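The values are calculated or read from the model by the stated rules, or taken from the named source; none is laboratory data. Remember, it's a predicted structure, so these values are computed and weren't measured experimentally. Every residue, glycine as well, gets a Cβ built from its backbone with ideal geometry; the counts of neighbours run over all protein chains shown.
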Amino acid sequence: MAAKLLLKKIDCNNFIQINKYLRSLNTISYRKHKSLRNEEIGKKTSLIATNPQVRRFVNNQQRFAVSKLLKKYKGCVIDGRDIGSKVFNNAQIKLFIEVKLEIRAKRRHKQLIEQGEKPIHSQILKDLKLRDITDRTRKASPLIVPANAVIIDNSNSFKLTIIQINKALKKIKSILKL
């Protein structure tokens with residue numbers, strides 16, 4: 001959504017303009033593109049995510065996309081900061097991935113360098129900390145650990161430990177009665 005607003009030159013601080021634009025849309029594209037992960041889009045995304053109408057629109061788009069997938073597949077994996085607590089709060093399986101702030105900043109810094117940007121590590125750390133605070137304290141769909149979620153700490157490496165994998169598999173097997 002933030003990328004669309006920037007493309008249309010809509011001020012991400014102006015909720016009136018954003019809401020007017022939202023009323024003109026039916027759907028949004030789900031195509032992945034590495035430019036959606038750039039730092040400017042990330043900052044704008046955090047800003048517009050505090051707008052209840054943006055949250056409602058995006059959440060409805062996510063539900064629509066998943067409903068289409070479930071017509072073809074038995075299940076799907078979707079991620080987001082309010083996926084298990086708000087968008088799909090009735091999901092059978094919820095995994096909540098935690099990563100220490102410093103590790104996330106290091107990974108984000110590396111990702112941006114690989115995308116050709118010239119990030120400053122201390123600024124990324126500051127921005128991520130602010131985004132976490134904003135996301136946890138926003139009124140519309142705050143970032144929380146969903147009820148019944150399996151919490152997985154992925155701070156040590158990109159690879160999950162055997163214990164974490166077994167914990168998730170145990171939850172999945174109990175739900176699927178395997």
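Listed values, structure above:
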item	result
Total residues in the stretch 129-178, condition farther than 14 Å from Lys94 by Cα, of a type in the set (A, V, I, L, M, F, W, C) and at pLDDT below 80	5
Subset tally (residues that are surrounded by 13 or more Cβ atoms within 10 Å (Cβ to Cβ) and either touching a residue at least 40 places away in the same chain (Cβ under 8 Å) or under 21 Å from Thr137 (Cα atoms) (or both)) for the stretch 55-90	15
Unmet criterion (only one of (1) part of a helix (DSSP H, G or I); (2) more than 19 Å from Lys44 (Cα to Cα); (3) touching a residue at least 24 places away in the same chain (Cβ under 8 Å)) for Ile113	(3)
Restricting the stretch 11-26 to residues that are of a type in the set (A, V, I, L, M) and surrounded by 17 or more Cβ atoms within 10 Å (Cβ to Cβ), the residue that is farthest from Ile41 (Cα to Cα)	Leu22
Subset of the stretch 116-145 that is more than 17 Å from the chain's Cα centre (by Cα) and without any contact (Cβ under 8 Å) to a residue 12 or more places away in the chain - its residue that is surrounded by the fewest Cβ atoms within 10 Å (Cβ to Cβ)	Lys118
